[in-house]
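**Q** The structure follows.
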Amino acid sequence: MVVIGRPGGIADLPRPDLGPLGGIAGAIDHAATHGFDTVLTIGCDMPRLPATLLDALLHRAPSYCADAPVLGHWPAALGAQLLAHIDASDRRSVRGWAETIGALPIAAPTPLANVNTPDDLLAL
């Protein structure tokens, strides 16, 4: 596991403040540089994920969760394509990029927990 976009972690690419796509670009670059074929990205606000969803994502790359696109399985070979997309497109959504590359959307079998506040955490 690596942390992207935080002090001591892997830097967003091509620069900070690009949202999740910058983090995914940093993760893909890190994976390719270190000999990994794919990257599984998971938002830091997603404490519980159904095993069946993770299994479905891991059986195909590129794929992403239709209900939370930052949760995805991305080939490391797509790094240059993602950087070009970031530079060329005003649409910097993960879903937009995923659709551009033909990634398979996979629906979550149950609603996904999203923890952004202390109250969200207490509600788990």
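**Q** Could you figure out which of (1) exposed (fewer than 15 other Cβ atoms within 10 Å of the Cβ); (2) under 21 Å from ASN116 (Cα atoms); (3) in contact with a strand residue (DSSP E or B) (Cβ under 7 Å, 6 or more places away or on another chain) isn't true of PRO47?
**A** Unmet for PRO47, out of (1) exposed (fewer than 15 other Cβ atoms within 10 Å of the Cβ); (2) under 21 Å from ASN116 (Cα atoms); (3) in contact with a strand residue (DSSP E or B) (Cβ under 7 Å, 6 or more places away or on another chain): (3).
**Q** Of the residues LEU53, LEU18, LEU57, which is open to solvent by less than 30 Å² (accessible area, probe 1.4 Å), modelled with pLDDT under 95, not aromatic (Phe, Trp, Tyr) and not in a strand (DSSP E or B)?
**A** Sole residue among the options that is open to solvent by less than 30 Å² (accessible area, probe 1.4 Å), modelled with pLDDT under 95, not aromatic (Phe, Trp, Tyr) and not in a strand (DSSP E or B): LEU18.
**Q** Based on this model, can you work out whether PRO62 counts as at pLDDT below 95 and on the phi < 0 side of the Ramachandran plot?
**A** Working: at pLDDT below 95: no; on the phi < 0 side of the Ramachandran plot: yes.
So PRO62 does not fit the description; no.
**Q** May I pose another question? Report, ordered by the first and then the second residue, all pairs with beta carbons closer than 6 Å, sequence separation of six or more or different chains, a first member in region 1-16 that is closer than 16 Å to ALA31 by Cβ, and a second member that is among the charged types (D, E, K, R) and in a loop (DSSP other than H, G, I, E, B).
**A** Short answer, once both residue conditions are applied: GLY5/ASP12.
**Q** May I ask you to verify whether ALA66 is touching a Phe, Trp or Tyr at 6+ places or on another chain (Cβ under 6 Å) and among the small types (Gly, Ala, Ser)?
**A** no
**Q** Another question, if that's okay. Of everything in region 37-55 that's aliphatic (A, V, I, L, M) and within 15 Å of the chain's Cα centre (by Cα), which residue is nearest to PRO20 (Cα to Cα)?
**A** Residue satisfying both the conditions and the ranking: ILE42.
**Q** Something else about it: Has region 34-44 got any residue that is in contact (Cβ under 8 Å) with a residue 24 or more places away in the chain and touching an Asp or Glu at 6+ places or on another chain (Cβ under 9 Å)?
**A** Looking for residues that are in contact (Cβ under 8 Å) with a residue 24 or more places away in the chain and touching an Asp or Glu at 6+ places or on another chain (Cβ under 9 Å), one finds none in region 34-44, hence no.
**Q** For region 21-42, which positions are among the small types (Gly, Ala, Ser) and surrounded by fewer than 19 Cβ atoms within 10 Å (Cβ to Cβ)?
**A** Within region 21-42, ALA32, GLY35 meet the criteria.
**Q** Spot the failing condition for CYS44; the list is (1) within 17 Å of ARG95 (Cβ to Cβ); (2) assigned to a loop (DSSP other than H, G, I, E, B), and only one is missed.
**A** Of (1) within 17 Å of ARG95 (Cβ to Cβ); (2) assigned to a loop (DSSP other than H, G, I, E, B), only one is false for CYS44: (1).
**Q** Give just the number: which of (1) of a type outside the set (A, V, I, L, M, F, W, C); (2) surrounded by 12 or more Cβ atoms within 10 Å (Cβ to Cβ); (3) part of a loop (DSSP other than H, G, I, E, B) does ASN116 not satisfy?
**A** ASN116 satisfies all of (1) of a type outside the set (A, V, I, L, M, F, W, C); (2) surrounded by 12 or more Cβ atoms within 10 Å (Cβ to Cβ); (3) part of a loop (DSSP other than H, G, I, E, B) except (2).
**Q** Would you pick out the residues in region 71-96 that are open to solvent by less than 40 Å² (accessible area, probe 1.4 Å) and closer than 15 Å to ALA27 by Cα?
**A** Selection gives LEU71, GLY72, HIS73, TRP74, PRO75, ALA76, LEU78, GLY79, LEU82, ILE86, VAL94.
The values are calculated or read from the model by the stated rules, or taken from the named source; none is laboratory data. Note that the structure is predicted; figures quoted are calculated from it, not measured. Counting neighbours? That spans all protein chains shown, and the Cβs are built from the backbone with ideal geometry, glycine included. Areas reflect the complete protein model, heavy atoms only, side chains present, ligands, DNA and RNA absent. Shrake-Rupley method; radii C 1.70, N 1.55, O 1.52, S 1.80 Å.
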